[in-house]
1. Only residues that are among the β-branched types (V, I, T) and crowded, with 19+ Cβ neighbours inside 10 Å: list them for segment 1-47, please.
2. Of the residues V94, V139, which is in contact with a Lys or Arg (Cβ under 7 Å, 6 or more places away or on another chain), at pLDDT 95 or above and over 21 Å from R17 (Cβ atoms)?
3. Looking at segment 102-140, which of its residues are within 23 Å of S162 (Cβ to Cβ), open to solvent by less than 60 Å² (accessible area, probe 1.4 Å), assigned to a helix (DSSP H, G or I) and not small (G, A, S)?
4. Take segment 62-101 and flag every residue that is part of a loop (DSSP other than H, G, I, E, B), open to solvent by 20 Å² or more (accessible area, probe 1.4 Å) and in contact with a Cys (Cβ under 9 Å, 6 or more places away or on another chain).
5. If A58 satisfies all but one of (1) open to solvent by less than 50 Å² (accessible area, probe 1.4 Å); (2) over 17 Å from A126 (Cα atoms); (3) not acidic (D, E), what's the number of the condition it fails?
6. Is there a residue being modelled with pLDDT under 95 and more than 15 Å from E130 (Cα to Cα) anywhere in segment 50-66?
7. For the structure I just gave you, tell me whether N36 is closer than 15 Å to I129 by Cβ and touching a residue at least 60 places away in the same chain (Cβ under 8 Å).
8. Go through (1) more than 14 Å from the chain's Cα centre (by Cα); (2) farther than 20 Å from K73 by Cβ; (3) of a type in the set (D, E, K, R) for E161 and report which single condition fails.
Amino acid sequence: MKTTAKTKSSVIVGNLRAWRALATPEDINAGIVWYNEAHQVAQEISTIIGGTVWQGAAVISALSPMNTWEGNKHNAIELAKCWTLGGSISDVSVSTFNANKRKAWEILNNNTQALSQESRKTWSFAKTIELKERAQCVVIDRWHLRACLTRSKTRRDNLGESVGIPQYDRIERLTMNEASKLNEAPCVYQAIIWCTIKTNWEK
């Protein structure tokens, strides 16, 4: 299995550059607006619960693993409505793991420890949704890891799709450096690559 730990930084950077160069105008436009749209959903949730945009973003992030974006948004809004109406966590079904639903519920209950920075991907996702272009972190999900490990325009299996904290921090640093060279916010650079590889692999 190809992993980031066994891949030189120069190769990762080369792969990221290849995907960024492959981006179509449609991919670029989609990447530019992606987190703005996600921020609007977080704002909607904050209005529902009478809380903060961070809470809304954190609920979205907690419910994101193995979920589609449409499912993620729907689950987050429905769980927020249920919580606001005094319902039970069991009243809402979600398209992710029950542990993640419990985490989202704790966030709604204003448990500040429910989403830890040690969980790099979910914390970065929430922080980027909250702050958009001002976020100094990168969402490194399975799609970003795939982009780091191959420049193939067709789907490749046998790629490592999870990383520990040291590798996460390394890839985040490399990605932010590349974004800076193009004068792009880290979240925009990441979203453009996400849209580009996903479009190509799902043709």
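1. Taking segment 1-47 and keeping what is among the β-branched types (V, I, T), we get 3-4, 7, 11-13, 24, 28, 32-33, 41, 45, 47.
Listed by number, the residues that qualify are T4, I12, V41, I45.
2. So the residue among V94, V139 that is in contact with a Lys or Arg (Cβ under 7 Å, 6 or more places away or on another chain), at pLDDT 95 or above and over 21 Å from R17 (Cβ atoms) is V94.
3. Hits for segment 102-140 are K103, I107, R120, K121, T122, W123, F125, K127, T128, I129.
4. S88 - this is the single residue of segment 62-101 that is part of a loop (DSSP other than H, G, I, E, B), open to solvent by 20 Å² or more (accessible area, probe 1.4 Å) and in contact with a Cys (Cβ under 9 Å, 6 or more places away or on another chain).
5. With respect to (1) open to solvent by less than 50 Å² (accessible area, probe 1.4 Å); (2) over 17 Å from A126 (Cα atoms); (3) not acidic (D, E), A58 is out only on (2).
6. Step one: list which residues in segment 50-66 are modelled with pLDDT under 95, which gives 65-66.
In the following step, the residues that additionally are more than 15 Å from E130 (Cα to Cα) were identified as 65-66.
Yes - at least one qualifying residue is present in segment 50-66.
7. Numbers: closer than 15 Å to I129 by Cβ: yes; touching a residue at least 60 places away in the same chain (Cβ under 8 Å): yes.
Spelling it out, N36 is indeed closer than 15 Å to I129 by Cβ and touching a residue at least 60 places away in the same chain (Cβ under 8 Å).
8. Looking at each condition in turn, E161 falls short on (1).
The values are calculated or read from the model by the stated rules, or taken from the named source; none is laboratory data. Computed from a predicted model, the values in this text were never measured in an experiment. Note that we place each Cβ from the backbone using ideal geometry, even for glycine, and neighbour counts take in every protein chain shown. Heads up: the accessible areas ignore ligands, DNA and RNA and are worked out on the full protein's heavy atoms, side chains in. Shrake-Rupley method; radii C 1.70, N 1.55, O 1.52, S 1.80 Å.
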